[in-house]
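The values are calculated or read from the model by the stated rules, or taken from the named source; none is laboratory data. This structure is a prediction, so every number in the text was calculated from the model and none was measured. All Cβ positions, glycine included, derive from the backbone under ideal geometry; neighbour counts span all protein chains shown. Surface accessibility is based on the protein's heavy atoms, side chains included, excluding ligands, DNA and RNA. Shrake-Rupley method; radii C 1.70, N 1.55, O 1.52, S 1.80 Å.
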Amino acid sequence: MAGIHVVAMPFPGHGHINPMMNLCKLLASTQPHILITFVVTEEWFTFIGADPTPPNLRFATIPNVIPPERLKAADFQAFSEAVVTKMEPPFDQLLHRLQPPAAAIIADVELRWPIAVGARRNIPVASLWTMSATFFSMLYRAVVSFRLRQLPPNWLDHGDEEVDQISGLSSTHKADLRKVFEENDNRVVEIILDCISRVPKAHCLLFTSFYELEPQMMETLKLEFPFPVYTIGPAIPYFELEKEPQAANNNDSNYQQWLDSQPADSVLYISLGSFLSVSASQMDEIVSGLQSSGVRFLWVARGEATRLKERCSEKGLVVPWCEQLKVLCHPSVGGFWSHCGWNSTLEAVFSGIPMLTLPLFLDQNPNSTHIVEDWKIGWRVKRTKVGTETLIVKEEISEIVQRFMDLNSSEGKQMRDRAKKLKEICHKAVGEGGSSHRNLGEFIRSISKGDIK
């Protein structure tokens, strides 16, 4: 049936499973000689097992040895600990049972254990990083620096002092790294750094980015490692854009018709993440600010959708779910208010849509820096202390949303022009002969010939 068997092992989370699956769909649909086994927990199989896939892409499951998805945000440290300590044995046992035997493994960097499993079984491992190459490099420089200085286990308690001593990072990257250390659970950051420290023992490193988006960082990383480093392009479902829209999970699929009825570039699309999101009080401020702004908006609010929908006028639509890339590519959408997850950032770049940034977790601050300062295709939404909470108040929301969606301002026109130019560069990279297209081809040839050793 297939000339080579590749096993894909993602980290169990939307922001990791989605890009891994998109990469595997690309591989499977363009390379019929490759059989891909996509491994997920039994719980995750209930979420995605019915999704259509190419015939040479199949699922395999391991038991639910980690906390359920609904509890992940409540204690992400416990979830992360379980992922790096409890998933290895069932995955190892699955590899033993799989037929034909695996010839290669594509594994998420944040799992920590697949490289060791592959080494024991003499199976090459390609490590996949589902965040920006810049963020990876920042953390890798920290790993190298901290190891050289043999820091104690509680080094994160003195993050500012330690970050200042990391060589090879710009002042901007150091500032972003401080935020990562200050605003995230120390143990979670330590686990990620430990995972990254194991990457040099992989056989190649894959980034869900394209070379032209982070060129200097890619050149640095290529010099850092003795194995191939590939930017395989944004692992977003751009190859499925021509398919018919799916029905929403709650049968509320009228957002497509609503978008069709709106003027060009007039709608602000809002999505603040599927994992951690803003508080209920912040959502109330947002909806009040949007209402007073008079700006048209489509807001994916998931569990809060029903409550917020009741407060919207005819200019706004709140839904629990949508096909985000198709929405961003719709001609009526002119802006994206985002938490700056890497996949969402890539979808905005692919669509040529400017962004309002509200980073909430881990890599999202560095991504916001890219958007606002490096690529200049967005603005930051700033929060202030209100009582015991840090919020963007409704008056500020109304004002910034009005300015951001003003298509006639010179600042807005320049920002939109830059977003469109970046879109053209992205499309060229993933198109025939582009940088990502070539890199993906090189990776496929290497695993097909068994050159990843």
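Below is a table of values for the structure above.
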| quantity | calculated |
| --- | --- |
| Complete set of residues in the range 71-87 that are of a type in the set (D, E, K, R) and open to solvent by less than 40 Å² (accessible area, probe 1.4 Å) | Lys72 |
| Exclusive hit being among the hydroxyl-bearing types (Ser, Thr, Tyr) and either surrounded by 20 or more Cβ atoms within 10 Å (Cβ to Cβ) or at pLDDT below 95 (or both), set Ser281, Ser332 | Ser281 |
| Matching option when the condition is over 23 Å from the mean Cα position of the chain (by Cα), open to solvent by 10 Å² or more (accessible area, probe 1.4 Å) and touching a residue at least 24 places away in the same chain (Cβ under 8 Å), among Pro90, Pro68 | Pro90 |
| Enumeration of residues in the range 329-348 that are within 20 Å of Ser266 (Cα to Cα) and not in a helix (DSSP H, G or I) | Cys329, His330, Pro331, Ser332, Val333, Gly334, Gly335, Phe336, Trp337, Ser338 |
| Residue identified as under 18 Å from Ala235 (Cβ atoms) and not hydrophobic (A, V, I, L, M, F, W, C) among Asp92, Asp51 | Asp51 |
| Test result for Met9, closer than 25 Å to His339 by Cβ and open to solvent by less than 10 Å² (accessible area, probe 1.4 Å) | no |
| Some residue of the range 290-300 being at pLDDT below 95, surrounded by fewer than 17 Cβ atoms within 10 Å (Cβ to Cβ) and assigned by the TED database to the domain that holds Lys423 | yes |
| Condition check for Ala78: part of a helix (DSSP H, G or I), at pLDDT below 95 and closer than 30 Å to Ser279 by Cβ | yes |
| In the range 198-219, residue nearest to Ile236 (Cα to Cα) [restricted to those that are surrounded by fewer than 17 Cβ atoms within 10 Å (Cβ to Cβ) and out of contact with any Pro (no Cβ under 9 Å at 6 or more places or on another chain)] | Glu212 |
| Criterion: in the same structural domain as Phe76 (by the TED database) and part of a helix (DSSP H, G or I) - qualifying residue of Leu27, Leu35 | Leu27 |
| Scope the range 349-374; condition assigned to a helix (DSSP H, G or I) and without any contact (Cβ under 8 Å) to a residue 24 or more places away in the chain; matching residues | Val372, Asp374 |
| Count - residues of the range 426-449 that are open to solvent by less than 30 Å² (accessible area, probe 1.4 Å) and not in a helix (DSSP H, G or I) | 2 |
| Looking only at the range 202-230, and only at residues there that are of a type in the set (Val, Ile, Thr) and outside any helix (DSSP H, G or I), the one that is nearest to the chain's Cα centre (by Cα) | Thr208 |
| From Arg97, Arg58, residue being touching a Leu at 6+ places or on another chain (Cβ under 9 Å) and free of Cβ contacts under 8 Å to residues at least 24 places away in the same chain | Arg58 |
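Each row is one residue, and each column tells you yes or no for (1) in a loop (DSSP other than H, G, I, E, B); (2) modelled with pLDDT of 95 or more; (3) more than 29 Å from Phe210 (Cβ to Cβ).
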| position | (1), (2), (3) |
| --- | --- |
| Ala60 | no, yes, yes |
| Ala74 | no, no, yes |
| Pro90 | no, yes, yes |
| Gln93 | no, yes, yes |
| Ala107 | no, yes, no |
| Glu110 | no, yes, no |
| Leu148 | no, no, yes |
| Asp157 | no, no, yes |
| Val163 | no, no, no |
